[in-house]
1. Quick check on my link table: of Lys42/Lys286; Lys2/Lys42; Lys47/Lys323; Lys42/Lys330, which ones sit more than 20 Å apart, alpha carbon to alpha carbon?
2. Do me a favour and compute the ellipsoid semi-axes for region 231-336 from its Cα gyration tensor, root of five times each eigenvalue, largest one first, whole Å.
3. Ordering His143, His15, His107, His97 by how much accessible area each has at a 1.4 Å probe, largest first, what is the list?
4. Go ahead and estimate [θ] at 222 nm for the chain from helices alone: -39,500 (n - 2.57) per DSSP H run with n ≥ 4, summed, over the residue count, rounded to 500.
5. At a 1.4 Å probe, what is the % contribution of carbon and sulfur to the accessible area of the chain?
6. Cut-off 10 angstrom, C-alpha nodes, Gaussian network model of the chain. Which of Glu277, Glu241, Glu160 fluctuates the most?
7. Ignoring ligands, DNA and RNA, what accessible area per residue does region 158-256 give at 1.4 Å, in Å²?
8. Aspartates and glutamates near Lys335 by alpha-carbon distance under 17 Å, same-chain residues fewer than 8 away left out - which ones?
Amino acid sequence: MKILVTGAAGFIGFHVAEYLLKRGDEVIGIDSINDYYDPDLKYARLKNLKPYKRFRFVKLDIADKDIVATLFEREKFDTVVHMAAQAGVRYSLENPHAYTHSNIVGHLNILEGCRNNNIRHLVYASSSSVYGANTAQPFSEHHSVDHPVSLYAASKKSNELMSHSYSHLYNIPTTGLRFFTVYGPWGRPDMAPILFANAIESGEAIKVFNSGNMYRDFTFIDDIVEGVIRALDNPAKPNSEWNSDTPDPATSYAPYRIYNIGNNSPVKLIDFIEVLEEAFGKKALKNYLPMQSGDVVSTCADSSALYEEVGFKPTTTLNIGVKKFVEWYKQYYLKG
């Protein structure tokens with residue numbers, strides 16, 4: 001298949017592109033290489049993809065309507081894996097317009113490309129952040145998610161709504177994937193694992209929010225990628241039992257689907273730090289701080305629908321995942 005992977009220089013997009021290339025697909029990767037975090041890391045990821053003969057990279061901004069339209073018309077993709085987005089809950093408090101630019105305008109341009117070019121299936125990144133003020137756990141795709149607590153979360157919920165409208169209007173199979181606290185090699189430097197690792201190595205204090213009384217459903221990158229590929233290979237279908245009197249948010253009469261991808265095993269933040277300390281062989285200094293605006297206390301994924309529909313559930317334990325992450329961190333950041 002010929003597959004478009006947006007955000008190919010990003011954490012998840014890079015790993016997805018690599019998986020697809022290894023199995024023999026043709027991949028066109030696009031990314032704007034913005035400076036939200038160090039572009040050198042993005043170029044280093046791409047360097048690992050360039051040896052594949054069936055890979056091509058195009059630097060572009062998905063919010064540029066005309067360029068995106070031209071790319072779709074020229075390349076004639078079979079399917080699309082849309083991972084490009086402005087990420088980060090806390091940054092959405094500082095620069096909200098970046099989220100409408102990439103996550104709203106950019107997502108619309110991808111949907112239009114799919115509509116006008118007979119794309120067989122669109123798989124796109126959503127986020128566990130959409131659960132917002134919900135407290136009933138584990139979080140289920142069948143729960144209402146109408147109370148986001150950050151603009152980032154609101155933009156991801158918007159992506160799901162926009163995708164449903166295109167599935168309804170144009171019969172485009174769309175699958176949204178709600179990722180839960182992804183970590184692993186080549187991870188984003190604005191996320192907790194690398195922030196914590198940097199602090200441990202430099203002897204600086206780790207910022208521990210809500211005094212450490214936070215839980216996250218940490219999910220290893222290999223499990224995330226396997227979930228993405230399984231979803232991609234099983235296009236969304238209409239739910240024949242969908243009832244408009246009691247509408248299920250996760251499915252539809254249209255070819256539309258939402259899945260969680262998470263471990264269903266939340267870890268207390270302090271415990272995650274302890275596993276990191278063990279992997280590094282060093283203790284961390286800790287600075288205990290209040291809860292941050294836009295954050296939630298706990299996340300936990302009900303991933304049963306993913307297993308029932310595509311036969312996969314995450315299995316990587318925290319100890320194994322952290323060990324692999326630290327091995328990569330030392331090789332990439334401490335090699336000098």
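1. Values: Lys42/Lys286 29 Å; Lys2/Lys42 23 Å; Lys47/Lys323 24 Å; Lys42/Lys330 17 Å.
The answer is Lys42/Lys286; Lys2/Lys42; Lys47/Lys323.
2. Values: eigenvalues 286, 72, 28 Å².
Calculated on Cα positions only, the semi-axes equal 38, 19, 12 Å.
3. Working: His143 55, His15 25, His107 0, His97 140 Å².
The most accessible residue leads, giving His97, His143, His15, His107.
4. -11500 deg cm²/dmol
5. That fraction is 50 percent.
6. Result: Glu241 has the largest fluctuation of those listed.
7. Per-residue accessible area for region 158-256 comes out at 39 Å².
8. Asp40, Glu201, Glu327
The values are calculated or read from the model by the stated rules, or taken from the named source; none is laboratory data. Just so it is clear, the model here is predicted, and its values are computed rather than measured. Don't worry about glycine lacking a Cβ; one is built from the backbone with ideal geometry, like all the others, and counts go over all protein chains shown. These area figures cover heavy atoms from the full protein model, side chains too; ligands, DNA and RNA do not enter into them. Shrake-Rupley method; radii C 1.70, N 1.55, O 1.52, S 1.80 Å.
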